[in-house]
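The values are calculated or read from the model by the stated rules, or taken from the named source; none is laboratory data. Small disclaimer: the values here were computed from a predicted structure and weren't measured. Cβ placement follows ideal geometry from the backbone for every residue including glycine, while neighbour counts extend to all protein chains displayed.
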């Protein structure tokens, strides 16, 4: 069986809790290299941990908040001016992602969205609860509860003979159950130990639903300072920047 390697490049939240990079997960198999989310600090994280941007074939986005997609303009600028990319790049995610990314590029680097490209840049909108083939991947998104100006998704990704699931950002929703069911790894946000407002998961609620998820391995990410401080006393595995998981 082919090995799939998952490296957590960024396990942080939007607020720099724990001094961590924002969300970015690098997945490598014989067939592909992909990023799951690409927060604003992701290009720095890639270079910190020795991940060559030129190897990345696909970027999958769970939702369009800056700590999850804000690194895409920097990635594209690097591809134009530093990496001198020639290989095609696919960016896939919620409806509206192309317009939002180009708007962000214009805010950050006026005129950059009109830069002549030496590589093919393709945007793929993923429809809810529909298995979509993206090169060698099969991606099934599930709508979750996290307002972001566009649909927010949990992602279920089939590659090689493995299933990887990712919650994106969300409060508890039963949509996480089919997303995680039977997954070899479920990377799940867990912002706080107890419920502290809406739109994010907390440890107490997640553990109440743990058996429903039916995933083989669970790793928590996107934790605030309070959750990070308590993590060592909890019976659960947490993500760290740079952590590698072999599937």
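Kindly indicate whether residue 107 is in contact with a helix residue (DSSP H, G or I) (Cβ under 9 Å, 6 or more places away or on another chain), modelled with pLDDT of 95 or more, in a strand (DSSP E or B) and over 23 Å from residue 188 (Cα atoms). If you could, list the steps in order and put the result at the bottom.
Numbers: in contact with a helix residue (DSSP H, G or I) (Cβ under 9 Å, 6 or more places away or on another chain): yes; modelled with pLDDT of 95 or more: yes; in a strand (DSSP E or B): no; over 23 Å from residue 188 (Cα atoms): yes.
Criteria not met by residue 107.
Condition test on residue 62, is it over 26 Å from residue 199 (Cβ atoms) and touching a strand residue (DSSP E or B) at 6+ places or on another chain (Cβ under 9 Å)? Spell out the reasoning first.
Values: over 26 Å from residue 199 (Cβ atoms): no; touching a strand residue (DSSP E or B) at 6+ places or on another chain (Cβ under 9 Å): yes.
No, not satisfied.
For every residue, the table says whether it meets (1) buried (at least 24 other Cβ atoms within 10 Å of the Cβ); (2) more than 21 Å from residue 225 (Cα to Cα).
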| residue | (1), (2) |
| --- | --- |
| 23 | yes, no |
| 28 | no, yes |
| 35 | yes, yes |
| 44 | no, yes |
| 49 | no, yes |
| 60 | yes, yes |
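Answer yes if at least one residue in segment 128-140 is crowded, with 16+ Cβ neighbours inside 10 Å, without any contact (Cβ under 8 Å) to a residue 40 or more places away in the chain and not in a loop (DSSP other than H, G, I, E, B), and no otherwise. The answer is yes; a qualifying residue exists.
Yes/no per residue for (1) under 14 Å from the mean Cα position of the chain (by Cα); (2) in a loop (DSSP other than H, G, I, E, B):
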residue: 27; (1), (2): yes, no
residue: 45; (1), (2): yes, no
residue: 64; (1), (2): yes, yes
residue: 75; (1), (2): no, no
residue: 100; (1), (2): no, no
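All conditions but one from (1) touching a residue at least 24 places away in the same chain (Cβ under 8 Å); (2) farther than 29 Å from residue 161 by Cα; (3) out of contact with any helix residue (DSSP H, G or I) (no Cβ under 7 Å at 6 or more places or on another chain); (4) not in a loop (DSSP other than H, G, I, E, B) apply to residue 84; the one that does not is (4).
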